[in-house]
Structure formats: structure tokens, C-alpha cells
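Inspection log for the structure reproduced underneath, given as C-alpha cells.
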Amino acid sequence: MNEIIRKRKSVRKYDFSALDAATLDKIWEQIKNVTPLYLDIRYSVEIVNKTKGMFGIKAPHYLIFGSEEKDGAYENIGFIGQQLDLFLSGSGIGSCWLGASKPEEKEESALPFVICMAFGKPAEPLHRDISEFKRKPLTEISEGFDERLEAARLAPSAVNAQNWYFIAENGKIHCYRKKANPLLGFIYNKLHCIDMGIALCHIAEESESFYFSKELGTATKKGYVYMGTVRSEKI
């Protein structure tokens, strides 16, 4: 398994000194070279120094993710953002997804805001041992066998809820997200879709080839929404 997936953690305490220009340039270069889940969805990633929100984590820098409002947009942002999360962790930089923070200001021309991520020099251990992960066992979130599911199990999710389910069969992985409570649907459906993109990023990291799309005739699962299927070949 990808070494960073096995040891990454959400860093919540930061040294408030800014990263140097050379390091920020490397991050910008990585932003330019991420691979979207969906090539036809416009998105944006910006670096800012301040955000606002009741439960925000204080950090010297933040990534602000925006996207056009389109089916698959939130999964796409999760997939893109988690590539950056793994890059930062592998570069000695702490990071943490923030579901309740937002930009202090929004430009008129900016794409609609989706989510942000804190990052900077960590003021706590950057990594952890795999035994320190608090995750559901695979038997609760999946059926069938595919070694890539362990990487998905270790993926971060909103309030660590892991509201996803995977069915592995014949080299494919069918992906589902849990239906949210109707009263909180707007908030949690968005976060669950982002979480799915994050988990898909981990699966992609463990795949020699990776394609994802909806397949007609895929079985439904009670209490869950079918999101798409991972395959090794394009259709």
C-alpha cells in the first residue's frame, strides 16, 4: 500500500510561520498537475491565508476548492483534494479537510465554493502508526474481496463517519454512499459525495489502471445511493 496512505493523519495544530516561497511554488505546481475524476467539470484551487467558520482550524495557509455546479462535482473535488492531501503529507506538511469553514471573501468571478483544507508546518506529529487509525472494519463497509479496499477504509471522512459502502466483484468495485437524514440532507449529501471522492483517490493510488463511471444495471443497496463503479478498463 502507498506509504503515505498507511501513515497520514489530519493535522489540527500548526506552527503559524508561513511556508517559504519555494515550498509554495511546489504546491502550486502539484495543484496544476492533479488528475480530476471527471475531465468535463470545471474546478478551481486557490491558496489563501484566512478563512472563517465556527469550527475552523487555525493554520497559516488554506486550500480553497471551487467547482461549477454539476453532477459529480463534489466527488471530483474530493478526488482532487485528496491527491493534494497525500502530496502535502509526503512533503512533510500537515493538512486537514475543513467541512465547516469557508473563504473570508469571495470574488465575483470565482466558481462556487465547495470546501477548504488547512495546511502548514505541523505543531504535532505529522504521521501515525497504522494501529492508531480509528476506522470501521472492512466487514461493515464492504463485501467481496479487493485489496484496494483497505486503502479506501483508511481514507478520511467527515466526522470520521465512513458513510460509504463498496461491493467488490469480478475485478470491479461498486461504490455507494449512505443516504443522509432528510433534515440534514443538503449538508451531508455534499460531504458524503466529497468523502466518496477521497476514498476513490485512495483506490486510484492502489490501481495500475483506474476508470470510474456509472454502470447500468448495477444492483441497488437499501439505504445507500449508487455512485459509480471502479474498473481497470475504459468502456
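The values are calculated or read from the model by the stated rules, or taken from the named source; none is laboratory data. Just so it is clear, the structure is predicted and the values come from calculations on it, not from any experiment. So basically every Cβ, Gly included, is an ideal-geometry build from the backbone, and we count neighbours across all protein chains shown. For the accessible areas, the whole protein counts, side chains as well, though only heavy atoms, and no ligand, DNA or RNA atoms are used. Shrake-Rupley method; radii C 1.70, N 1.55, O 1.52, S 1.80 Å.
So, Ala199, is that one touching a strand residue (DSSP E or B) at 6+ places or on another chain (Cβ under 9 Å), under 19 Å from Lys214 (Cα atoms), hydrophobic (A, V, I, L, M, F, W, C) and assigned to a helix (DSSP H, G or I) or not?
yes
Could you tell me whether Ile57 is at pLDDT below 95, at negative phi, surrounded by 14 or more Cβ atoms within 10 Å (Cβ to Cβ) and not basic (Lys, Arg)?
Numbers: at pLDDT below 95: yes; at negative phi: yes; surrounded by 14 or more Cβ atoms within 10 Å (Cβ to Cβ): yes; not basic (Lys, Arg): yes.
For Ile57, the condition - at pLDDT below 95, at negative phi, surrounded by 14 or more Cβ atoms within 10 Å (Cβ to Cβ) and not basic (Lys, Arg) - is met.
Condition (residue is of a type in the set (Gly, Ala, Ser), more than 23 Å from Leu84 (Cβ to Cβ) and assigned to a helix (DSSP H, G or I)) applied to the stretch 218-233: is it met by at least one residue?
no
Going through Phe186, Phe145 one at a time, which residue ends up being surrounded by fewer than 22 Cβ atoms within 10 Å (Cβ to Cβ) and either modelled with pLDDT under 95 or closer than 17 Å to Ser213 by Cβ (or both)?
When all the criteria are applied, what remains is Phe186.
Name the residue, out of Glu215, Glu233, Glu205, that is surrounded by fewer than 12 Cβ atoms within 10 Å (Cβ to Cβ) and more than 21 Å from Thr139 (Cα to Cα). Working first, answer last.
Details: Glu215 fails: surrounded by fewer than 12 Cβ atoms within 10 Å (Cβ to Cβ); Glu205 fails: surrounded by fewer than 12 Cβ atoms within 10 Å (Cβ to Cβ).
Being surrounded by fewer than 12 Cβ atoms within 10 Å (Cβ to Cβ) and more than 21 Å from Thr139 (Cα to Cα) holds for just one of Glu215, Glu233, Glu205, which is Glu233.
Do we find a residue being in contact (Cβ under 8 Å) with a residue 40 or more places away in the chain and more than 17 Å from the chain's Cα centre (by Cα) anywhere in the stretch 180-203?
no
Select from the stretch 1-36 the residues that are within 14 Å of Ser89 (Cα to Cα), touching a helix residue (DSSP H, G or I) at 6+ places or on another chain (Cβ under 6 Å) and not aliphatic (A, V, I, L, M) and write down the one among them that is modelled with the lowest pLDDT.
In this case the residue turns out to be Asn2.
Out of the residues in the stretch 148-183 meeting the condition of being part of a loop (DSSP other than H, G, I, E, B) and farther than 24 Å from Ile4 by Cα, tell me which one is modelled with the lowest pLDDT.
The qualifying residue modelled with the lowest pLDDT is Asn181.
Can you tell me which residues in the stretch 113-141 are free of Cβ contacts under 8 Å to residues at least 24 places away in the same chain, surrounded by 14 or more Cβ atoms within 10 Å (Cβ to Cβ) and either in contact with a Ser or Thr (Cβ under 9 Å, 6 or more places away or on another chain) or not in a loop (DSSP other than H, G, I, E, B) (or both)?
Leu138
Quick check: anything in the stretch 74-89 assigned to a loop (DSSP other than H, G, I, E, B) and modelled with pLDDT of 95 or more?
The answer is no; no qualifying residue exists.
List every residue pair whose Cβ atoms lie under 6 Å apart, where the two residues are 6 or more positions apart in sequence or sit on different chains, the first residue falls within the stretch 14-40 and is surrounded by 10 or more Cβ atoms within 10 Å (Cβ to Cβ), and the second residue, located anywhere, is acidic (Asp, Glu).
Correct list of pairs: Leu37/Glu75.
Do we find that Ala110 is touching a residue at least 60 places away in the same chain (Cβ under 8 Å), in contact with a helix residue (DSSP H, G or I) (Cβ under 6 Å, 6 or more places away or on another chain), small (Gly, Ala, Ser) and open to solvent by less than 40 Å² (accessible area, probe 1.4 Å) in this structure?
No: the conditions fail for Ala110.
Residues of the stretch 216-235 being modelled with pLDDT under 95 and either over 21 Å from Asn163 (Cβ atoms) or of a type in the set (A, V, I, L, M, F, W, C) (or both), which ones?
Leu216, Gly217, Ala219, Ser232, Glu233, Lys234, Ile235
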